[in-house]
Amino acid sequence: MRAPAPFSIEQVVVGESPRMRAIFDLVKVVSRSESSVIVTGESGTGKEVIAQMLHHLSARRHQPFVTVSCALFSETLIETELFGHERGAFTGAIRDKPGRFELAAGGTLFLDDIDDVPLSMQVKLLRVLQNRQVERVGGTRTLPVNVRVITGTKRDLKKMVAEGKFREDLFYRLNVLPIVLPPLRERREDVPVLARHFVRRFARDRGIDTPEISPAVMDAFTRYSWPGNVRELENACERMVQTCSCGTVRVGCVAASVLFGAASNPRTGLPVPAAAPQPISLDDRLKQVESNLIGWALKVAEGNKSRAAALLNIKRSTLGDRIARCGLAEPADTAVEV
Amino acid sequence: MLSRARVESVLDRIRPMMQADGGDIELVEVNGNSARVRLVGMCSACPSAHMTLFMGVEMALRDEIQEFEELQVV
């Protein structure tokens, strides 16, 4: 596994898709709260990034952010991992070990892959969350728990509850504020922004000039369905930057599996210019971007123009002018691509 | 013996993308159940293109044509 890079909020790339922008707005609001958050999303969609954002935007930002992937541990190990153990609690417990709940004291605990926690452990977790106190395995002291709990899941917990695989009481305890991350294939318009970002970052790490990405590669990338989501795109970009020898990332740098996958998807009609240079009206394109963003802001602000203007960092009067110029009608009629 | 047409039909799927980048993959010959190809144009001089592209193309050929054996790069 890759060592986690130090997190900074500026690193987070906000895509162009209205869905992701709405999610980032939600994150800003939710970060001020102390309630539990469940982040649902396929593998590689960025659940941990969202958890880190929530932490770094919260009042707990100067306290620890602790991550545990519950999928990594067996049933008995997860208990000592989360709650810690006392010396002599079991064979091999040669010293006291604080659990992740203790390590995260005052801060945020991100329990990833909560869907992999066995039922027997779910009871114990519920008890800790409900009583807000924890006991180390083999210990007698009760330690207070002061953490904000964020959980990550790749499966739909509600469905697991219905199937009897996840405790309903724990689900309700955790599911105060749900955030659902869309798979990358449902927000293809973000692929170019993300690809350029990753290529820039890996080029900087390697100490080379950032290579260009050819339009043909971008076209293949936006058509490919990315089953591994943003993480797969990130790895593809890392590989391209590591092997690129000519200063431009071309089709030859892309794994053939991506090309074959892209070939089986029809063109999405995304705003990626064709390889053969064709005239593009910059004004039309900008107008389209402008009206999309205004439509998004109005939707997020529920039609409140002052709030929409604030979201776009423009004056209320400017927003009015621009709405008129783009020919956008009242918010209810605005077409927003979601 | 494998027909050229079957190999070409697999290559044709990624050809438009390669051609859009000023390159192409040329089928030199089919020999038994193996084929020889050549990268032309853009990327043909790039050592990493041979690795990334050909390994995947060979895999795709084996996927689609059960009896396919080996892809050689000329």
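Every number in this text was worked out from the coordinates using simple rules, so none of it is lab data. Values in this document were obtained by computation on a predicted structure and should not be read as measured data. So basically every Cβ, Gly included, is an ideal-geometry build from the backbone, and we count neighbours across all protein chains shown.
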Helix B:55-64: inclination vs chain B longest Cα principal axis, degrees, rounded to 10, gives 30 degrees
In chain A, helical segments from DSSP H whose Cα atoms cover 24 Å or more along their own axis and that average at least -0.5 on the Kyte-Doolittle scale are A:282-300
Inter-part gap, Cα centre of the stretch B:10-74 to Cα centre of the stretch A:136-167, in whole angstrom, is 50 Å
Computed from the beta carbon distance with a Förster radius of 25 Å, FRET efficiency for A:Lys124 and A:Thr91 to the nearest 0.05 stands at 0.75
Expressed as a whole-number percentage, the relative contact order of the stretch A:30-153 with C-alpha contacts under 8 angstrom and at least six residues apart is 34 percent
By Cβ neighbour count within 10 Å, fewest first, A:Val217, A:Val145 rank A:Val145, A:Val217
Place a point 7 Å from the Cα of A:Lys165 in the direction of its beta carbon; the residues of the stretch A:105-130 whose amide N falls under 20 Å from it are A:111-126
XL table A:Lys154/A:Lys315; A:Lys158/A:Lys305; A:Lys47/A:Lys315; A:Lys28/A:Lys305; A:Lys97/A:Lys124; A:Lys165/A:Lys299; Cα-Cα > 30 Å flagged, in table order, is A:Lys154/A:Lys315; A:Lys158/A:Lys305; A:Lys47/A:Lys315; A:Lys165/A:Lys299
Ordered by number, the GluC sites (Glu not before Pro) in the stretch A:129-178 that occupy a DSSP loop and have at most 10 other Cβ atoms within 10 Å are A:Glu163
Relative contact order as a percentage, chain A, C-alpha pairs under 8 Å and 6+ apart, gives 18 percent
